[in-house]
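The values are calculated or read from the model by the stated rules, or taken from the named source; none is laboratory data. Bear in mind that the values here come from a model prediction, so they are computed numbers and not experimental data. Glycine also receives a Cβ, built like all others from the backbone with ideal geometry; neighbour counts cover every protein chain displayed.
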Amino acid sequence: MSAFFGLLLYFLVSTVVMTTGITLATPVIWLIQTLPLLIFLKGLVQNNPRTYAWMCFVVLLYFTHGVLLAFDPSRRWLGVTELVLCVIMFVAMILYIRRYRDHFKLGRL
């Protein structure tokens with residue numbers, strides 16, 4: 001869960017850095033970047049394993065975005081930060097799903 005909120009904070013900071021200050025466009029850009037994450041917020045807070053499973057797919061899109069940023073020399077640190085947060089989030093969600101499945105003796109979710 002901390003990686004999720006870390007990713008939201010990361011996008012806020014990167015948006016402010018890239019737009020060189022807070023303007024009217026900053027919240028709009030931040031919302032566009034984080035809307036796929038915010039859609040799953042309710043299910044993540046309720047610890048719904050299906051939400052965690054679907055969120056894994058969304059995190060892979062952000063991972064791809066981080067890889068693309070990491071190849072740009074001027075924004076490399078932004079890309080690496082996004083990659084680290086995505087990997088932490090993906091691994092944590094997969095571990096949660098496995099533990100949930102093993103605890104309740106479920107087959108597939």
For the list (1) within 21 Å of VAL17 (Cβ to Cβ); (2) surrounded by fewer than 16 Cβ atoms within 10 Å (Cβ to Cβ), I need the number of the one condition that GLY79 fails. (2)
For the condition part of a helix (DSSP H, G or I), out of contact with any strand residue (DSSP E or B) (no Cβ under 9 Å at 6 or more places or on another chain) and surrounded by fewer than 11 Cβ atoms within 10 Å (Cβ to Cβ), what is the one hit in LEU12, LEU35? LEU35
Failed criterion for GLY21 (all others in (1) over 19 Å from SER2 (Cα atoms); (2) surrounded by 17 or more Cβ atoms within 10 Å (Cβ to Cβ); (3) small (Gly, Ala, Ser) hold): (2)
Scanning region 60-109 for residues that are part of a helix (DSSP H, G or I) and basic (Lys, Arg) gives ARG75, ARG76, ARG98, ARG99, ARG101
Considering region 54-76 alone, what residues qualify as being of a type in the set (A, V, I, L, M, F, W, C) and either modelled with pLDDT under 95 or buried (at least 18 other Cβ atoms within 10 Å of the Cβ) (or both)? MET55, VAL59, LEU69
